[in-house]
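Let me begin by presenting the structure, written as structure tokens, before commenting on it.
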Amino acid sequence: MGNEWTPSLRDILDTMPDGLMALDGECRITLWNRAMENLTGWRTQEVIGKPCTFLECQSAFGDPLQNHDPHTECRMARNEKTLVEQVECTIRNRKGEIIPVLKNARLIRDNRGRIVGMVESLTDLRYRKRLEDEIAAWKRSLAPAKGIGRLVGRSHAMQEVYERIRLAAKSDATVLIHGDTGTGKELAADAIHALSQRRNGPFVKVNCSALPESLLESEIFGHVRGAFTGAVQDKIGRFEAADHGTIFLDEIGDISPLIQLKLLRVIQEHAFERVGESLPRHTDVRVIAATHRNLRELVRQGLFREDFYYRIKVFDIRMPSLQERREDIPVLADNFIQRFNRLTGRTIKGVSPDVMYTFMNYPWPGNVRELENTIEHAFVTCQGDIIQIRDLPIELRTSDPDAIPHSHPATETPDRISARKRIPDRNTLLTQLHAAGWNKTVVARRLGVDRTTVWRAMKRWNIPLNRPENSETEP
């Protein structure tokens, strides 16, 4: 038992995963363990007796140390007691690299309470920082998919829209949102209001194409009793209802020059008159307008007031068509499926590869709204948990993907392009269909093509998509 080995203090300190150093009362290094050597690149014999300032680290008192004389700059040497026991900071290693660390410090005092030194441990935070950066990047990559408000998409075109929405929300400028029908102009307006300082105020919508001029004027500005036949009582208009909030004028391109003139006054003077009344009323309203029409062309034709056009087009946002953001179709489809699952209590998991291929190659004249309606239609017809081609509206089931020039690059692989070109002749196709009992998946596998090619060939050769009852169709 006399040969028992007792580890030295140095052996113990060198097993620590964190860097450890001790300083005397004048901030000179008296202890430096192996983890500090690994962390900084400085060997123990090189640093003992040196001031700690060469590390360019934030001091344990919250001060940055920048190679100053420790006798004049170290607050510990001045016997100050405002110690920060734990602080995240950086140090500079021997190669000049900046390393993030977590510093823990404790003062050492003699039996009279005087500060005689300090012990500091330094934890390397590089791995944690890398993880934080990766997580932040991951969150940024997810954010576009979630979009803003009810707008969804991660495409470059939608990123530009999101940025324009954020900019618009920071001001009270009048905004014009333009784009094809079904691209989400109302959703963009809603997002602007939700992000703006007016978010706690009302968000009032007006469809300017839904009413004739006389009724639209009353709807927007209100009327007094007796202003016209049927006006049996006073009524406030949409501008009055939107006070301290936002009014959204949808399809602004359909209003008459007279209404344009009156709206111009409201925007410029924040004042209006109810129909049948000469008393001006004031309102604090932010105006957002939207249209699917080419207002510049309407101005050229004399159908839209030029001064009103430039007044509503202070800041404009263009909503891209779905053809311009095809990479968003899978995300949008999944978003609609999840929403309709919640509304209907269904548990549909997604769409089949054939359906997605059809989605990616269909022109979508109705844009995102048409895609949403397509998914809703499929929820009515789908009998399983995967939406199939048969569950789609007739216009999608009978569309010819090859006639559409905007195929999405992610789906147009060399194998798929080759498969599209290998459309079987009518006799071969009928023979295979009979042999497979009209199972198009089996036929596609035997012919070495995808199921969509079989389906498209059946349409080309006027072969019934479902097996005929007599099953006697001959090649």
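Is the stretch 308-321 home to any residue that is under 21 Å from Ile267 (Cα atoms), out of contact with any Leu (no Cβ under 9 Å at 6 or more places or on another chain) and not polar (S, T, N, Q)? Can you show your working first?
To start, the set of residues in the stretch 308-321 that are under 21 Å from Ile267 (Cα atoms) comprises 308-317.
Imposing the further condition that a residue be out of contact with any Leu (no Cβ under 9 Å at 6 or more places or on another chain) reduces the set to 310.
Within this subset, residues satisfying the condition of being not polar (S, T, N, Q) are 310.
The answer is yes, given that some residue of the stretch 308-321 is under 21 Å from Ile267 (Cα atoms), out of contact with any Leu (no Cβ under 9 Å at 6 or more places or on another chain) and not polar (S, T, N, Q).
Any residue at all in the stretch 256-267 that's over 21 Å from Ser209 (Cα atoms) and out of contact with any Leu (no Cβ under 6 Å at 6 or more places or on another chain)?
For the stretch 256-267, residues over 21 Å from Ser209 (Cα atoms) and out of contact with any Leu (no Cβ under 6 Å at 6 or more places or on another chain): absent.
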(message) Looking at Ala189, Ala210, Ala231 in this structure, which one is in contact with a Ser or Thr (Cβ under 8 Å, 6 or more places away or on another chain) and at pLDDT below 90?
(response) Ala231
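Of a type outside the set (Asp, Glu), under 26 Å from the mean Cα position of the chain (by Cα) and outside any helix (DSSP H, G or I): which single residue out of Thr358, Thr347 fits that description? Give the derivation first.
Numbers: Thr358 fails: outside any helix (DSSP H, G or I).
Exactly one of Thr358, Thr347 is of a type outside the set (Asp, Glu), under 26 Å from the mean Cα position of the chain (by Cα) and outside any helix (DSSP H, G or I), namely Thr347.
For (1) out of contact with any Lys or Arg (no Cβ under 9 Å at 6 or more places or on another chain); (2) part of a loop (DSSP other than H, G, I, E, B); (3) at pLDDT 95 or above; (4) farther than 17 Å from Glu306 by Cα, each residue gets a yes or a no:
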site: Glu240; (1), (2), (3), (4): no, no, no, yes
site: Asp243; (1), (2), (3), (4): yes, yes, no, yes
site: Thr246; (1), (2), (3), (4): no, no, yes, yes
site: Leu249; (1), (2), (3), (4): no, no, yes, yes
site: Gly253; (1), (2), (3), (4): no, no, no, no
site: Leu258; (1), (2), (3), (4): yes, no, no, no
site: Leu261; (1), (2), (3), (4): no, no, no, no
site: Val266; (1), (2), (3), (4): yes, no, no, no
site: Ser278; (1), (2), (3), (4): yes, yes, no, yes
(message) For the stretch 354-376, give me each residue that is without any contact (Cβ under 8 Å) to a residue 60 or more places away in the chain and surrounded by fewer than 17 Cβ atoms within 10 Å (Cβ to Cβ).
(response) Pro363, Pro365, Asn373, Glu376
(message) On the basis of being assigned to a loop (DSSP other than H, G, I, E, B) and in the same structural domain as Ile165 (by TED's automatic domain parsing), does Phe228 make the cut?
(response) yes
(request) Give the residues of the stretch 297-347 that are in contact with a helix residue (DSSP H, G or I) (Cβ under 8 Å, 6 or more places away or on another chain), more than 30 Å from Leu392 (Cα to Cα) and among the aromatic types (Phe, Trp, Tyr), sorted by residue number. (result) Phe304, Phe308, Tyr309, Phe315
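So, restricting to helices (runs of 4 or more DSSP H) that lie completely within the stretch 388-475, which ones have at least 1 residues that are modelled with pLDDT under 50? Full working, then the answer.
Numbers: elements: 394-397, 414-421, 426-435, 440-447, 451-460.
Those helices (runs of 4 or more DSSP H) span 414-421.
In the stretch 153-184, how many residues are farther than 30 Å from Glu269 by Cβ and within 17 Å of the chain's Cα centre (by Cα)?
Kept after step one, since they are farther than 30 Å from Glu269 by Cβ, are these residues of the stretch 153-184: 153-163, 180-184.
Then drop every residue that is not within 17 Å of the chain's Cα centre (by Cα), which leaves 153-163, 183-184.
Here the count works out to 13.
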(request) Within the stretch 303-344, work out how many residues are assigned to a helix (DSSP H, G or I), under 22 Å from Arg150 (Cα atoms) and of a type outside the set (Lys, Arg). (result) 19
(message) Criterion first (in a loop (DSSP other than H, G, I, E, B), modelled with pLDDT under 90 and not assigned by TED's automatic domain parsing to the domain that holds Phe336) does Arg94 satisfy it?
(response) no
(message) Name the single residue that is surrounded by the fewest Cβ atoms within 10 Å (Cβ to Cβ) among those in the stretch 151-177 being touching a residue at least 60 places away in the same chain (Cβ under 8 Å) and in a strand (DSSP E or B).
(response) Leu176
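The values are calculated or read from the model by the stated rules, or taken from the named source; none is laboratory data. All values derive from a computational prediction rather than experimental measurement. FYI the Cβ positions are ideal-geometry reconstructions off the backbone, even for glycines, and counts take in every protein chain you see.
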